[in-house]
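The values are calculated or read from the model by the stated rules, or taken from the named source; none is laboratory data. This one's a predicted model, so the numbers in the text were calculated from it and none came from an experiment. Using ideal geometry, Cβ is built from the backbone for each residue, glycine included, and neighbour counts are taken over all protein chains shown. Please note that ligands, DNA and RNA were not included when accessible areas were found on the heavy atoms of the full protein model with its side chains. Shrake-Rupley method; radii C 1.70, N 1.55, O 1.52, S 1.80 Å.
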Amino acid sequence: MPLILTRTIIGGGFYAIDRNGKILPGWPVEKGWNFWSTPALGDVDGDGYLEISVGGYINGVISKNYLFRYDGSIMKGWPPQTTFYRDNYGSIIGDVNSDSKLDVLTTAGNGFYPSLGSGGVYAWDKDGSRIIGFPKPTEMDANAPAVLDDIDNDGKTELIASSDYDYDLTNFKPKGRGSVYVWNTNKTYNQANMPWPMFMHDPQHTGCYDCIEPSIIVTSPNGGETLEAGKSYDITWNSNGVDKAYIHLAVYNSNGVRAGLYYLAGGFSASLGKYTWKIPSYYALITNRSRSKIIISSTASITLPVNDSSDNYFSIAAPATNYCSQLQTRVTASMFKSCGQIDYSAVADINKDKAVNQYDQALLTANSNNETWCREKLNSTTSPCVVARPSVTITSPNGGEQLEIGKDYNITWTSSGVGQVNITAYNFSTLRVTTINIAQNVSAPSGSYVWTIPTGTATGTNVKITIRSTDGSVEDSTDNYFIIVE
């Protein structure tokens with residue numbers, strides 16, 4: 001398509017030049033005028049051909065907004081009126097009043113001098129008729145193009161403009177600032193009727209009517225999800241006119257301020273539309289991880305215009321502990337293995353019968369939803385394959401007690417690997433040690449025997465009890481002496 005140029009030299013006019021640098025037929029136009037502003041393109045009259053809106057001025061101040069056809073002729077009704085001060089920046093084209101027809105808007109002058117023709121934001125329909133409610137006055141010069149957009153996503157069109165060098169007319173001094181204005185038109189926003197809604201067409205300022213506007217849209221995770229550290233998830237997006245994609249994780253504090261930025265991956269084709277992200281387990285330690293967003297950009301810098309982030313926060317959670325899943329892994333790895341084989345696992349041998357088999361699997365299946373039970377079995381590491389050495393240990397009396405003749409006392413002990421025991425007392429109170437045979441062939445696992453001290457038993461202050469296995473292999477005695485009295 002042709003390339004549109006503007007000239008600032010007096011008598012320069014307005015030119016249309018093709019891609020080979022040749023001036024198109026019918027151009028230039030309005031050679032006595034200067035054109036500082038950039039043009040806007042749109043099919044304003046709906047005839048299938050683009051019209052060109054541009055502001056020109058003469059004698060330094062007098063300014064008009066033109067609407068040219070593609071052949072350089074001026075549309076009927078244009079230029080509609082003289083704007084107050086010149087249009088230095090550019091027009092925009094879009095449907096500002098929601099009548100499904102394109103309108104032309106520009107900025108020039110200000111609203112302080114209504115006697116000279118109130119300025120600010122002007123708007124006309126295709127015939128050059130001023131749209132009701134315009135111009136929208138601004139302080140001092142509206143020295144920037146306006147914008148049409150739905151900035152608050154309420155489905156209505158907002159008109160955005162600005163002023164420069166605002167002036168205090170009461171005290172007659174500059175305010176030292178400019179202002180930004182947003183008007184809610186209360187008209188339905190339709191992007192299809194916004195062919196040139198801002199300076200140079202789009203946020204990238206391409207100045208190109210039918211070029212593909214580069215874009216990236218994050219589709220997942222897009223807010224509300226809970227992702228578990230240690231697991232893999234697909235990050236997905238849609239892109240248009242973008243070569244490469246770069247992915248970052250951003251986390252935000254409670255005030256919505258970005259508190260951390262983590263590079264995940266990048267440099268691959270944006271057309272892939274998907275990247276599988278395995279979240280490192282240590283990401284569960286990141287502060288503010290409950291307020292996370294994915295940012296995808298066209299370069300490694302996330303500040304350039306072509307980028308997008310998750311619409312809302314998602315959360316990164318600590319890895320869940322699945323004890324039953326862990327136990328199943330152990331049982332599967334040791335299935336049909338028994339004591340002495342390399343892959344045998346005492347943990348997997350749930351019933352401790354010295355082999356991992358279908359009986360262990362049946363126990364696990366019956367309790368597969370009981371994480372407490374599975375955790376207990378994972379901690380049950382005692383192997384049935386290890387034969388414990390026989391032992392016996394007296395627990396009472398164990399020294400310091402005073403026992404009376406004729407009364408009953410519990411002799412207690414613990415044992416392992418012992419069948420029966422003999423219980424004997426030894427009185428070391430005299431030069432001649434006295435032996436008292438208390439009981440023979442007592443069941444060792446019972447761990448207890450009631451001893452009624454017989455009448456006639458010698459008293460003494462240095463008495464001990466010994467419990468000995470019937471085969472004599474192991475024995476234990478009280479740690480210290482106890483006393484027998486009448």
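Data for the structure
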quantity	calculated
Selected residue (criterion: nearest to Asp349 (Cα to Cα)) from residues of segment 391-415 that are touching a helix residue (DSSP H, G or I) at 6+ places or on another chain (Cβ under 9 Å) and of a type outside the set (Val, Ile, Thr)	Ser415
Count of segment 452-465 residues which are open to solvent by less than 30 Å² (accessible area, probe 1.4 Å) and assigned to a strand (DSSP E or B)	3
Residue that is β-branched (Val, Ile, Thr) and under 16 Å from Ser325 (Cβ atoms), where the choices are Val386, Val347, Val392, Val356	Val347
Of all residues making up segment 439-451, the number that are surrounded by 14 or more Cβ atoms within 10 Å (Cβ to Cβ) and in contact (Cβ under 8 Å) with a residue 24 or more places away in the chain	4
Hey, Ser129 closer than 23 Å to Asp45 by Cα, of a type outside the set (A, V, I, L, M, F, W, C), at pLDDT 80 or above and open to solvent by 20 Å² or more (accessible area, probe 1.4 Å) or not	yes
Residue that is farthest from Thr106 (Cα to Cα), among those in segment 24-51 that are open to solvent by 20 Å² or more (accessible area, probe 1.4 Å) and among the aliphatic types (A, V, I, L, M)	Leu24
Residue count for segment 182-217, restricted to those that are in a loop (DSSP other than H, G, I, E, B), among the hydrophobic types (A, V, I, L, M, F, W, C) and loosely packed, with under 14 Cβ neighbours inside 10 Å	2
Unique match (being in a strand (DSSP E or B), touching a Phe, Trp or Tyr at 6+ places or on another chain (Cβ under 7 Å) and of a type in the set (Ser, Thr, Tyr)) among Tyr426, Tyr449, Tyr409	Tyr409
Residue list for segment 395-438, filter: surrounded by 14 or more Cβ atoms within 10 Å (Cβ to Cβ), closer than 20 Å to Gly460 by Cα and hydrophobic (A, V, I, L, M, F, W, C)	Leu403, Ile405, Ile411, Ile423, Ala425, Phe428, Ile436, Ile438
Candidate set: segment 475-486, residues that are open to solvent by less than 70 Å² (accessible area, probe 1.4 Å) and either part of a strand (DSSP E or B) or at pLDDT below 95 (or both); chosen: the one nearest to Val392 (Cα to Cα)	Asp476
Subset of segment 307-341 (residues that are out of contact with any helix residue (DSSP H, G or I) (no Cβ under 8 Å at 6 or more places or on another chain) and of a type in the set (A, V, I, L, M, F, W, C))	Phe314, Ala320, Ala333, Phe336, Cys339
Residue count, segment 227-259 (criterion: crowded, with 16+ Cβ neighbours inside 10 Å and either among the acidic types (Asp, Glu) or in a strand (DSSP E or B) (or both))	15
Criterion: β-branched (Val, Ile, Thr) and within 30 Å of Ala388 (Cβ to Cβ) - qualifying residue of Thr435, Thr466	Thr466
Within segment 22-38, tally of residues that are modelled with pLDDT under 85 and either over 22 Å from Phe199 (Cα atoms) or out of contact with any Gly (no Cβ under 8 Å at 6 or more places or on another chain) (or both)	3
Where a residue in segment 273-288 is free of Cβ contacts under 8 Å to residues at least 24 places away in the same chain and its partner, wherever it lies, is surrounded by 17 or more Cβ atoms within 10 Å (Cβ to Cβ), with Cβ under 9 Å and at least six apart	Leu285/Ala229
Cβ-Cβ under 6 Å pairs, at least 6 apart or on other chains, segment 154-181 side part of a loop (DSSP other than H, G, I, E, B), far side among the hydrophobic types (A, V, I, L, M, F, W, C)	Tyr165/Met140; Asp166/Met140
Identity of the residue in segment 153-181, within 19 Å of Gly120 (Cβ to Cβ) and small (Gly, Ala, Ser), that ends up surrounded by the fewest Cβ atoms within 10 Å (Cβ to Cβ)	Ser179
Residues being more than 52 Å from the chain's Cα centre (by Cα) and either open to solvent by less than 10 Å² (accessible area, probe 1.4 Å) or modelled with pLDDT of 65 or more (or both) - total across segment 52-61	2
Test set (1) closer than 17 Å to Asp202 by Cβ; (2) over 36 Å from the mean Cα position of the chain (by Cα) - Lys173 fails condition number	(1)
Residue in segment 368-390 that is touching a Ser or Thr at 6+ places or on another chain (Cβ under 9 Å), modelled with pLDDT of 95 or more and open to solvent by 30 Å² or more (accessible area, probe 1.4 Å) present	no
